[in-house]
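In what follows, a structure is listed as structure tokens, so that the remarks can point back to it.
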């Protein structure tokens, strides 16, 4: 049992070093943005920009948005999503989210 636990810890360590954590976070963020009503190209663009500018802790804060209120994040409108991001009271998260949204709305291929 101890060997298995050690192997899992080593795998997680290697995964985080290789960017697996950011890849997973980007996928979750993209899915959440799509669920909030953004198109797949805009969601992919925003998630790609945001995941490289936010820390793991900030990404976890964004992940907590789904736990707020009575509806899951996938049932929110874009306005409600931004309202919830502002409610986090984190200027950096709000700034990154807003800049990514504007940039991707203008040119989602960037």
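The values are calculated or read from the model by the stated rules, or taken from the named source; none is laboratory data. These figures come from a predicted structure and were not determined experimentally. Methodologically, a virtual Cβ is constructed for each residue, glycine included, from the backbone with ideal geometry; neighbour enumeration extends over all protein chains shown.
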(request) Could you check how many residues of the stretch 34-43 are free of Cβ contacts under 8 Å to residues at least 40 places away in the same chain and crowded, with 20+ Cβ neighbours inside 10 Å? (result) 1
(request) Output the residues belonging to the stretch 1-42 that are part of a loop (DSSP other than H, G, I, E, B) and at pLDDT 50 or above. (result) 19, 36, 37, 38, 39
(message) Given the criteria at pLDDT 85 or above and in a helix (DSSP H, G or I), does residue 100 qualify?
(response) yes
(message) Quick check on this structure: which one of 51, 85 is touching a helix residue (DSSP H, G or I) at 6+ places or on another chain (Cβ under 7 Å), modelled with pLDDT of 90 or more, part of a helix (DSSP H, G or I) and surrounded by 13 or more Cβ atoms within 10 Å (Cβ to Cβ)?
(response) 51
(request) Please find, within the stretch 54-82, the residue that is surrounded by the most Cβ atoms within 10 Å (Cβ to Cβ) out of those that are at pLDDT 85 or above and out of contact with any helix residue (DSSP H, G or I) (no Cβ under 7 Å at 6 or more places or on another chain). (result) 55
